[in-house]
Amino acid sequence: MKENIKAGLIGHPIGHSLSPLIHNHWMERYGLSGLYQSVDIAPENLGSAVAQMAEDGYAGFNITLPYKREIITLCDSVDETAQQIGAVNTVVVNEDGALHGLNTDSFGFAENLLQASEDTDLKGATALVLGAGGAARGVIHGLLSIGAGDIKIANRTREKAEEIARVFPVQVVPWEERESAARDVSLLVNTTSLGMEGQGPLEFDMRHLPKSAAVCDIVYRPLETELLREAKERGNSVVTGIGMLLHQARPAFWEWFGVMPEVDDDLQQKILEALS
Ligand code: ATR
């Protein structure tokens with residue numbers, strides 16, 4: 001069994017990330033010795049700080065804003081999922097010190113959705129994705145991995161949605177037509193930052209959305225966004241954003257610690273307390 005594993009999260013500013021709580025919970029639960037800590041790195045130091053972490057024996061680290069794209073240039077290899085998404089959120093330091101980049105957002109989204117849907121077969125599901133940032137790419141990759149058929153994407157800045165449509169088989173719909181585009185979908189996913197604490201509201205009239213559709217929000221501060229509250233009120237099933245965060249951490253933990261961890265009730269409780 002691996003001992004005294006060092007892992008962490010890099011970003012700038014690092015803020016109040018939940019990742020240390022998640023990974024330290026799992027270390028305790030699985031009886032592993034090690035440390036997961038947040039490391040704030042100023043932009044001008046990114047290359048040297050990352051090289052130093054590899055030198056210091058880190059097994060790897062997660063990457064948050066603003067480095068999810070830039071880190072690719074520092075990786076010696078990048079897996080296919082991360083290449084398609086165009087962002088790396090997890091780095092594994094190989095024994096020879098080489099950096100291998102992964103993206104676990106797709107897994108996190110898909111796994112959370114499958115669990116929330118109680119493993120209902122989502123093959124052929126149709127989806128409307130709102131937003132075209134890095135998060136949207138992870139979500140779309142995840143939707144395709146579970147066999148979603150017809151995926152529509154709407155973004156305020158149309159060109160960013162068009163860019164995604166050049167990489168993934170999705171159909172771009174104008175932002176102004178997002179509400180009517182929800183007419184025949186089985187999943188509605190918000191990947192914009194709208195609805196997050198401190199951001200504007202996501203204005204979305206759900207009258208066209210089938211009541212049988214599931215509504216997912218990747219925003220988790222607040223835990224229940226206005227979109228999810230409204231969806232619940234009209235009888236749609238909802239999938240909160242916190243699950244994606246928890247599940248995307250699992251493959252990273254596996255890579256560094258050699259154990260595929262579970263999202264258990266204790267962890268969910270700790271996260272709810274941290275967010276309240
Ligand atoms: P992330 O990598 O987390 O997805 P991002 O790349 O900053 O973050 O993307 C934020 C998303 O929220 C984008 O789709 C953005 O739309 P634009 O591409 O038009 O900027 C969307 N967004 C943010 N504020 C918005 C607003 N006021 N109205 C509509 N969309 C908004």
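Rule-based calculations on the coordinates, nothing more; no lab input. Remember, predicted model here, so these are calculated numbers, not experimental data. FYI the Cβ positions are ideal-geometry reconstructions off the backbone, even for glycines, and counts take in every protein chain you see.
What FRET efficiency comes out for GLU262 versus HIS12 if R0 is 41 angstrom and r is the Cβ-Cβ distance? Round to the nearest 0.05.
Computed FRET efficiency for GLU262 and HIS12: 0.85.
For segment 15-172, compute the orientation-averaged projected area of the C-alpha convex hull (one quarter of its surface), in nm².
On the way: hull surface 43.7 nm².
The number I arrive at for segment 15-172 is 10.9 nm².
Send over the Kirkwood Rh of the chain, from the inverse of the averaged 1/r over different Cα pairs, rounded to one decimal Å. List each step's numbers first, then the result.
Values: mean 1/r = 0.0519 Å⁻¹.
Result for the chain stands at 19.3 Å.
For an R0 of 30 angstrom, estimate the FRET efficiency from the Cβ-Cβ distance between ARG234 and SER193 and round to the nearest 0.05. Walk me through the intermediate numbers first.
Working: r = 24 Å, r/R0 = 0.79.
Result of the calculation: an efficiency of 0.80.
How would GLU44, GLU203 line up from fewest to most surrounding beta-carbon atoms within 10 angstrom?
GLU44, GLU203
Quick check: net charge around GLU28, other residues with Cβ under 14 Å of its Cβ, Lys/Arg +1 and Asp/Glu -1? Spell out each step's value before the answer.
Values: positive: ARG29, LYS270; negative: GLU262, ASP264, ASP266.
So the environment of GLU28 carries a net charge of -1.
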task = Counting only C-alpha contacts under 8 Å and six or more residues apart, can you give the relative contact order of the chain as a whole percent?
result = 16
inquiry  = On a 29 Å Cα-Cα criterion, which of the cross-link pairs LYS123/LYS160; LYS123/LYS211; LYS160/LYS270 come out too long?
reply    = LYS160/LYS270
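Plugging the Kirkwood radius over Cα pairs into Stokes-Einstein for segment 48-105, at a temperature of 37 °C and a viscosity of 0.692 mPa s, what D comes out in µm²/s?
Values: Rh = 11.1 Å.
The estimated diffusion coefficient comes to 296 µm²/s.
Neighbour counts of other C-beta atoms within 10 Å: give me ASP76, ASP265, ASP150 arranged from fewest to most. Let's see the in-between values first.
Values: ASP76 12, ASP265 8, ASP150 15.
Going from sparsest to densest Cβ surroundings: ASP265, ASP76, ASP150.
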task = Provide, in order from the shortest bin, the percent of all Cα-Cα pairs of segment 106-240 in each 10 Å bin, continuing until the bin that contains the maximum pair distance.
result = 13, 49, 35, 2
Convex hull of segment 4-49 built on C-alpha atoms - directionally averaged projected area, nm² = 3.3
task = Would you mind working out the magnitude of the charge dipole of segment 106-240 relative to its Cα centre, with +1 at each Lys and Arg C-beta and -1 at each Asp and Glu C-beta, to the nearest 20 Debye?
result = 180
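Place the peptides 254-261, 95-102, 139-146 in order of packing, highest mean first, counting for every residue the other Cβ atoms within 10 Å and averaging per peptide. Present the calculation step by step, with values, prior to reporting the outcome.
Details: 254-261: 18.1, 95-102: 15.4, 139-146: 22.5.
Answer by packing, highest mean first, reads 139-146, 254-261, 95-102.
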note = Any residue on another chain or 5+ positions along whose placed amide H is under 5 Å from the amide H of GLN37 is listed here as ALA7, GLY8, LEU9
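At 0.36 nm per residue, minus the direct Cα-Cα distance, what do ARG207 and GLU44 gain on full extension? Give it in nm, one decimal, please.
On the way: separation 163, 0.36 × 163 = 58.68 nm, distance 4.85 nm.
In short, 53.8 nm is gained.
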task = Please give the net charge around ALA127, taking every other residue with its beta carbon less than 12 angstrom from that of ALA127, where Lys and Arg add +1 and Asp and Glu add -1.
result = -1
